[in-house]
Amino acid sequence: MFYYLSNVIIYSKMLANMKWSFIHKRSLYKGFFKLTGIELKHELFAGGESPVLSRELLDRGHAVAVLPYDPERDEVVLIEQFRIGACEDETGPWLIEVIAGFQEPDESAEAVVHREAQEEAGCTVTDLVPVHRYYSSPGSSNEQIVTFIGRTDTSVVGGIHGLDEEGEDIRVHVVSSEQAFEWLDTGRIDSAVPIIAIQWFRLNRESIRKQWLDNNKE
């Protein structure tokens, strides 16, 4: 619901009997990402209302990720690429990740999976299993990420991929499930999206593998 008070727009919503209000919003930056300055108030758990708070919201859009898995070979597909956010890491800015990409308006999460799997790894995925939908960093961003496990044939996956027009230089790693778990445990995999995907896969690998292999017999 929107309320107009002179030149100020107040946006109010209710969730679980707790209320908050957007008092004023202003654009601070608009490029590949958008940054918005927001003044707001919200109800307090102990009763009453907060003072007017100033926050900055990074609008990154939403993203979709997939961990491709081959149940026949018990292997997963991971990718490695340069990440600006890790430039000051002592191990360097090339990170081991899962396939992922931004979701366009009116594009389904499944469509993103199929597009990005081809662009980033030359990989075809089927039998998508939803893992989680979660906020990546809700203290500063509205981005939500949807993550899947998908079935693939790793015998035909490998090489270097990515779109030249987006400056992508992506190396594909086909590794055993146990190798992926070791990379996770030793910290070689150290960004949130692959950690969440691989941890979920570790807990559910046997049931997924059995289901997919049983389907082959039908």
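Assorted remarks:
- Residues of the range 152-169 that are surrounded by fewer than 19 Cβ atoms within 10 Å (Cβ to Cβ) and not in a helix (DSSP H, G or I): D153, G158, G159, I160, G162, L163, G167, E168, D169.
- Considering the range 63-75, and only residues there that are more than 10 Å from T154 (Cα to Cα) and surrounded by 20 or more Cβ atoms within 10 Å (Cβ to Cβ), the residue that is farthest from the chain's Cα centre (by Cα) turns out to be L67.
- Matching residues, the range 173-183, being surrounded by fewer than 19 Cβ atoms within 10 Å (Cβ to Cβ) and touching a Leu at 6+ places or on another chain (Cβ under 7 Å): H173, V175
- So V112, is it within 16 Å of the chain's Cα centre (by Cα), without any contact (Cβ under 8 Å) to a residue 60 or more places away in the chain and surrounded by 20 or more Cβ atoms within 10 Å (Cβ to Cβ): yes
- Qualifying position, being in the same structural domain as D190 (by TED's automatic domain parsing), closer than 22 Å to Q199 by Cα and either in contact (Cβ under 8 Å) with a residue 24 or more places away in the chain or of a type outside the set (G, A, S) (or both), among H173, H161: H173
- Some residue of the range 103-111 being small (G, A, S) and either in a strand (DSSP E or B) or touching a His at 6+ places or on another chain (Cβ under 6 Å) (or both): no
- The range 184-199: number of residues that are closer than 25 Å to V146 by Cβ and surrounded by fewer than 18 Cβ atoms within 10 Å (Cβ to Cβ): 6
- Filter pass, N204 being in the same structural domain as D70 (by TED's automatic domain parsing), on the phi < 0 side of the Ramachandran plot, surrounded by fewer than 19 Cβ atoms within 10 Å (Cβ to Cβ) and touching an Asp or Glu at 6+ places or on another chain (Cβ under 8 Å): no
- Checked against the criterion of being without any contact (Cβ under 8 Å) to a residue 40 or more places away in the chain and charged (D, E, K, R), the candidates D153, D106 yield just one match: D106.
- Residues of the range 115-135 satisfying the condition of being touching a residue at least 60 places away in the same chain (Cβ under 8 Å) and either crowded, with 17+ Cβ neighbours inside 10 Å or in a helix (DSSP H, G or I) (or both): V129, V131
The values are calculated or read from the model by the stated rules, or taken from the named source; none is laboratory data. As the structure is a prediction and not an experimental result, all values here were calculated from the model. So basically every Cβ, Gly included, is an ideal-geometry build from the backbone, and we count neighbours across all protein chains shown.
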